[in-house]
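Below is one structure, written out as structure tokens; the observations come after it.
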Amino acid sequence: LEAQLFRTQRLESIGTLASGIAHDLNNILTPILAGAQLLPLKFPDADERTQHLLEILEINAKRGADLVKQVLSFARGVEGKRITLQVKHLIVEVAKILKETFPKSIEVYTDIPGNLWMVSGDSTQLHQVLMNLCVNARDAMPNGGKLTISAENLLIDENYARMNLEAKQGSYIMVSVADTGVGISEENLDRIFEPFFTTKAIGQGTGLGLSTVLGIVKSHGGFISVHSEPERGTTFKVYLPAVAGSEMPICDNFIPPPGHGE
Ligand code: ADP
């Protein structure tokens, strides 16, 4: 427990430091971006090479501004608006985006029961959780593969909660994002949720995806598990507490789960 606390404190100070730097960087990038956008308008007859250089300047200033935005939103922590929502709708929406934007070599499947319990959450943040996990899955399958998003209702009992420190007894929905990609080595598995940990090339990854995912899931009272086999694939499972009372019988023989709302 002590080690875990120490780790949390360390991550917090990384966050504080990062947000300070991000803030300053934002002030530096704003005039650079403004200049890069204004100059081509002021000099429409500039030679091709100059125009090309200005384009590169603008693209990179924008990339920097995006990165700064990510760092700031990560460090600011997450509160968000809470509404009672059906995660099935989010998954359907995300799957549609993936089918339109991911390479054709990646097959996208969904498997969601009709009676998935509701959760109380921020739909934008939960959308981001799913997108981040799916983008990582895509990056893990450079030669194509299979991405499956599935969901199920889950009752966590006393025994399970005892084994998993982060889980509390109660009803949850579990959303899993599984890929058939390169997998994660055991030594990296320990570090993937650390802010700025990335194995991707410079400019390809910020290392903030999973730490943002974890922050959002925790702020929703949930937790995450990861299972990975190098060369075979990775499955992330996100557990979110179900809204008490949303376990309404959809089918006639449904028995509502006990032990909630105590
Ligand atoms: P980034 O994607 O910018 O690198 P993340 O925090 O999202 O940052 O991920 C951290 C690292 O975790 C990745 O660089 C990668 O090594 C590993 N990782 C995350 N998801 C997967 C996955 N589905 N398959 C293989 N490796 C993964």
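The values are calculated or read from the model by the stated rules, or taken from the named source; none is laboratory data. Here the structure is a predicted model, which is why all the values come from computation and not from measurement. For neighbour counting, all protein chains shown are included, and Cβ atoms are generated from backbone atoms with ideal geometry for every residue, glycine included.
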Where a residue in the stretch 125-143 is in contact (Cβ under 8 Å) with a residue 12 or more places away in the chain and its partner, wherever it lies, is of a type in the set (Asp, Glu) and crowded, with 19+ Cβ neighbours inside 10 Å, with Cβ under 7 Å and at least six apart | Ala137/Asp179; Ala140/Asp179; Met141/Asp179
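Provide a single number: the residues in the stretch 86-130 that are among the charged types (D, E, K, R), part of a helix (DSSP H, G or I) and within 24 Å of Leu208 (Cβ to Cβ). If you could, list the steps in order and put the result at the bottom.
Going through the stretch 86-130, the residues among the charged types (D, E, K, R) turn out to be 88, 93, 96, 99-100, 104, 107, 111, 122.
Next, from what is left, pick out any that are part of a helix (DSSP H, G or I): 88, 93, 96, 99-100.
Retained after the next criterion (residues that are within 24 Å of Leu208 (Cβ to Cβ)): 93.
Summing the residues that are among the charged types (D, E, K, R), part of a helix (DSSP H, G or I) and within 24 Å of Leu208 (Cβ to Cβ) in the stretch 86-130 gives 1.
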Selected residue (only one of Ser19, Ser13 is surrounded by 12 or more Cβ atoms within 10 Å (Cβ to Cβ), modelled with pLDDT under 80 and not hydrophobic (A, V, I, L, M, F, W, C)) | Ser19
Residue that is nearest to Leu126 (Cα to Cα) [pool: residues in the stretch 215-262 that are at pLDDT 90 or above and part of a loop (DSSP other than H, G, I, E, B)] | His220
Which residues, counting only those in the stretch 35-65, are loosely packed, with under 12 Cβ neighbours inside 10 Å and within 25 Å of Thr206 (Cβ to Cβ)?
-> Ile56, Ile59
When the stretch 115-151 is examined, which residues are found to be near the ligand (Cβ under 10 Å from one of its atoms) and within 14 Å of the chain's Cα centre (by Cα)?
-> Asn132, Leu133, Cys134, Val135, Asn136, Ala137, Arg138, Asp139
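Do the conditions hold for Thr198, that is, is it outside any loop (DSSP other than H, G, I, E, B), within 15 Å of the ligand (Cβ to nearest atom), of a type in the set (S, T, N, Q) and under 16 Å from the mean Cα position of the chain (by Cα)?
Details: outside any loop (DSSP other than H, G, I, E, B): no; within 15 Å of the ligand (Cβ to nearest atom): yes; of a type in the set (S, T, N, Q): yes; under 16 Å from the mean Cα position of the chain (by Cα): yes.
Taking the combined requirement at face value, the residue does not satisfy it.
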